[in-house]
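Data first, discussion second: the structure below is written as structure tokens.
The values are calculated or read from the model by the stated rules, or taken from the named source; none is laboratory data. Every value quoted in this text rests on a predicted model; they were computed, and no experiment measured them. Positions of Cβ are generated from backbone atoms using ideal geometry, with glycine treated the same way; all protein chains shown enter the neighbour counts.
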């Protein structure tokens, strides 16, 4: 059974007014437990509206969101419980930090779940460890942390609720290259350890290509593509027509293939190097 499923999911802003706009238009998705999904699309493609419906922040105009087979709006008064199961980390989540210490901030989410104090602290410390925050940082004010540490502390606060699905909206936005690499590594580590479903929204094709099992491409409120990263990024011409670009290394490998080189699609520099070194050695051997 899929962990998240949508049935003709539709959301219209300003319905019944002259300014109405359909942001998500009859979307049908099925996401399995344990998948890491990359979600991409140009600005205005419907990404944000889609993910806000997946955890009940927006109620669909029509259609359904099923969580573990159940309509999340079947009992509207229990929608808050859905948000513990489908955790959302918004863009620049560090702006939501407010507690006296990092540990208290991470513990805020699970503290609202009716758990014992001991269980809340256990979850908070475990989440901090999963995102790579050291023990000595936990008693400091969150405002003393670096930008990357603040981002990881905010993500830990959602992880501590142990959601079935973790949605991350542009988690690496504004970070320097090292901070971005560290955070992506921590997300991959979390996913491997917990085995939970992760949906990562990003404008960085390189980030998505590096970590996603499948890639969901939104365009004008509809699903344009939903397939493995390799198959999606091999359709570079179609992606560029809707305002998206494939990773540079994928484009280079496609160009080499068009010129007769015996290479396959590569999503990362490491994949490209593994293919090219034997060919270059073979070329050197033949003079």
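Values computed for the structure shown
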item	result
Evaluation of residue 69 against (1) crowded, with 19+ Cβ neighbours inside 10 Å; (2) more than 20 Å from the chain's Cα centre (by Cα); (3) not assigned by TED's automatic domain parsing to the domain that holds residue 153 (one fails), failing number	(1)
Residue 60, sole failed condition from (1) crowded, with 19+ Cβ neighbours inside 10 Å; (2) assigned to a loop (DSSP other than H, G, I, E, B); (3) at pLDDT below 95	(3)
Any hit, the range 246-256, residues being under 22 Å from residue 43 (Cβ atoms), buried (at least 18 other Cβ atoms within 10 Å of the Cβ) and at pLDDT 90 or above	no
Qualifying residue in the range 29-40 (condition: more than 30 Å from residue 192 (Cβ to Cβ) and either loosely packed, with under 15 Cβ neighbours inside 10 Å or assigned by TED's automatic domain parsing to the domain that holds residue 223 (or both))	no
Qualifying positions in the range 2-40 - on the phi > 0 side of the Ramachandran plot, touching a residue at least 12 places away in the same chain (Cβ under 8 Å) and outside any strand (DSSP E or B)	34
Candidate set from the range 154-165 (those that are out of contact with any strand residue (DSSP E or B) (no Cβ under 8 Å at 6 or more places or on another chain) and part of a helix (DSSP H, G or I)); member that is surrounded by the most Cβ atoms within 10 Å (Cβ to Cβ)	156
Some residue of the range 108-121 being touching a strand residue (DSSP E or B) at 6+ places or on another chain (Cβ under 9 Å) and surrounded by fewer than 15 Cβ atoms within 10 Å (Cβ to Cβ)	no
Residue, surrounded by the fewest Cβ atoms within 10 Å (Cβ to Cβ), within the range 178-188, restricted to residues that are over 13 Å from the mean Cα position of the chain (by Cα) and closer than 14 Å to residue 202 by Cβ	181
Odd one out for residue 134, checked against (1) under 30 Å from residue 271 (Cα atoms); (2) surrounded by fewer than 21 Cβ atoms within 10 Å (Cβ to Cβ)	(1)
Exclusive hit being over 14 Å from the mean Cα position of the chain (by Cα) and either outside the structural domain of residue 87 (by TED's automatic domain parsing) or not in a helix (DSSP H, G or I) (or both), set 175, 168	175
